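Q: To start, I am sharing the structure in question, which I have written as structure tokens.
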Amino acid sequence: MNIHHIRNATIVVEYAGKKFLIDPMLAEKGTMPPFGTGVGLPPAPREDQNNPLVSLPTSIDNIISNIDAVIVTHLHPDHWDEAAIEVLQKDIKLFAQNEEDVTAIKNTGFQNLEILKEDTIFEGIQLVKTKAEHGRGEILEHAGHTCGVVFKHADEKTLYVAGDTVWYDEVQEVINTHKPEIIVVNAGDNQFLVGGSLVMGKDDVYEVVKAAPETKIISIHMEAVNHWTLSREELKSFINEKGITSNVLVPNDGESYSF
């Protein structure tokens, strides 16, 4: 497999001969409002900075070229934005987490949608929807539902894309059940000024390492939207202190890994 980190949670996964685009945020730098300024939302860091904070590392044409399917873990705008809606072919195969999200995406013109389930098969590849918790406690009322996905195929290592989740017992359960050899975690410790982490921070990443010590872990969703609180450099320093630099990869935007 090849995992090409684009920006934030956006990755292109080539797996068993098929090419998946996951959580596309394709907007130009600074063209979206910052998180924390919406009605009913708590304040967030860097509310004076529009999203995305950084440009795409390559052209949109390169990102969407020859994509076989799109997976949208949830509809927050840093995972599914107006730019993606505009540029993607409306007949492309697209997976979403539930009927509500499928309906919302269908209403923007997409025609070939399917609810991601625990036993989804696409072109011989098993796709397993996994549970995710987009924070802890009361902030979940704002954060809403999301999911992750496990990829399985006889010719490939098992891949777990955890999605927007903190470390909790269901992540442990996915690791125990599916024994992934590669795990992609969203680990920018994004949060509002109240309510705590919405995704993994460095301590969550450490829990993943302890749960899957033989696994390669790729940390993304970093430094791209205004409410990030964990930098790549801080995470690299942490994994160095813990002696787990061989376990955790911290890619820059545009970097790729093959396994």
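Okay, residues lined up against (1) acidic (Asp, Glu); (2) touching a residue at least 12 places away in the same chain (Cβ under 8 Å):
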position: GLU170; (1), (2): yes, yes
position: GLU181; (1), (2): yes, yes
position: LYS216; (1), (2): no, yes
position: LEU230; (1), (2): no, yes
position: SER246; (1), (2): no, no
position: GLU255; (1), (2): yes, yes
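Q: Determine which single condition ALA224 fails, assuming it passes every other condition in (1) open to solvent by 60 Å² or more (accessible area, probe 1.4 Å); (2) touching a residue at least 12 places away in the same chain (Cβ under 8 Å).
A: That leaves (1) as the condition not met.
Q: May I ask you to list the residues in the range 164-193 that are open to solvent by 10 Å² or more (accessible area, probe 1.4 Å) and either in a loop (DSSP other than H, G, I, E, B) or farther than 16 Å from THR130 by Cβ (or both)?
A: Result: TRP167, TYR168, LYS179, GLU181, ASP189, GLN191, PHE192, LEU193.
Q: Sticking with this one: Given the conditions (1) touching a Phe, Trp or Tyr at 6+ places or on another chain (Cβ under 9 Å); (2) more than 20 Å from LEU113 (Cα to Cα); (3) part of a strand (DSSP E or B), which single one is not true for ILE6?
A: So ILE6 meets the others, but not (1).
Q: Let me ask another. Examine the range 210-217 for a residue that is modelled with pLDDT under 95, over 29 Å from ALA69 (Cβ atoms) and either assigned to a loop (DSSP other than H, G, I, E, B) or open to solvent by 10 Å² or more (accessible area, probe 1.4 Å) (or both), and state whether such a residue exists. Working first, answer last.
A: Narrowing the range 210-217 to residues modelled with pLDDT under 95: none.
No - not one qualifying residue is present in the range 210-217.
Q: So which residues in the range 97-137 are of a type in the set (A, V, I, L, M) and under 23 Å from ALA187 (Cβ atoms)?
A: Hits for the range 97-137 are LEU116, LEU127, VAL128, ALA132.
Q: If you don't mind, another one. I need the full set of residues from the range 190-226 which are closer than 16 Å to ALA9 by Cα and of a type in the set (A, V, I, L, M), in order please.
A: LEU198, VAL199, MET200, VAL205, ILE217, ILE218, ILE220, MET222, ALA224, VAL225
Q: Further question on the same structure: With ALA27, ALA44 as the choices, which residue is crowded, with 16+ Cβ neighbours inside 10 Å, touching a Pro at 6+ places or on another chain (Cβ under 7 Å) and modelled with pLDDT under 95?
A: The match here is ALA44.
Q: Test each condition in (1) farther than 26 Å from SER256 by Cβ; (2) among the β-branched types (Val, Ile, Thr); (3) open to solvent by 10 Å² or more (accessible area, probe 1.4 Å) for ILE67 and report the one that comes out false.
A: Among (1) farther than 26 Å from SER256 by Cβ; (2) among the β-branched types (Val, Ile, Thr); (3) open to solvent by 10 Å² or more (accessible area, probe 1.4 Å), ILE67 violates only (1).
Q: Any residue in the range 194-206 that is farther than 23 Å from GLU99 by Cβ, among the β-branched types (Val, Ile, Thr), open to solvent by 50 Å² or more (accessible area, probe 1.4 Å) and touching a residue at least 60 places away in the same chain (Cβ under 8 Å)?
A: yes
Q: What pairs come out if I take residues in the range 96-124 that are modelled with pLDDT of 95 or more and pair them with residues that are aromatic (Phe, Trp, Tyr) whose C-beta lies under 8 Å away, six or more apart or interchain?
A: From the range 96-124, the pairs are ILE105/TRP80; LEU113/PHE95; GLU114/PHE95; ILE115/PHE95; LEU116/PHE95; THR120/PHE95; PHE122/PHE95.
Q: Return the pairs, sorted by first residue and then second, in which the second residue is of a type in the set (Asp, Glu), the first residue lies in the range 48-66 and is touching a residue at least 60 places away in the same chain (Cβ under 8 Å), the beta carbons are less than 6 Å apart, and the residues are 6+ apart or on different chains.
A: Final answer for the pair search is PRO57/ASP253.
The values are calculated or read from the model by the stated rules, or taken from the named source; none is laboratory data. In this text the structure is predicted, and so the values were computed from the model without any measurement. In this analysis, Cβ positions are derived from the backbone assuming ideal geometry, glycine residues included, and neighbour counts consider all displayed protein chains. Side chains included, ligands, DNA and RNA excluded: accessible areas come from the protein's heavy atoms. Shrake-Rupley method; radii C 1.70, N 1.55, O 1.52, S 1.80 Å.
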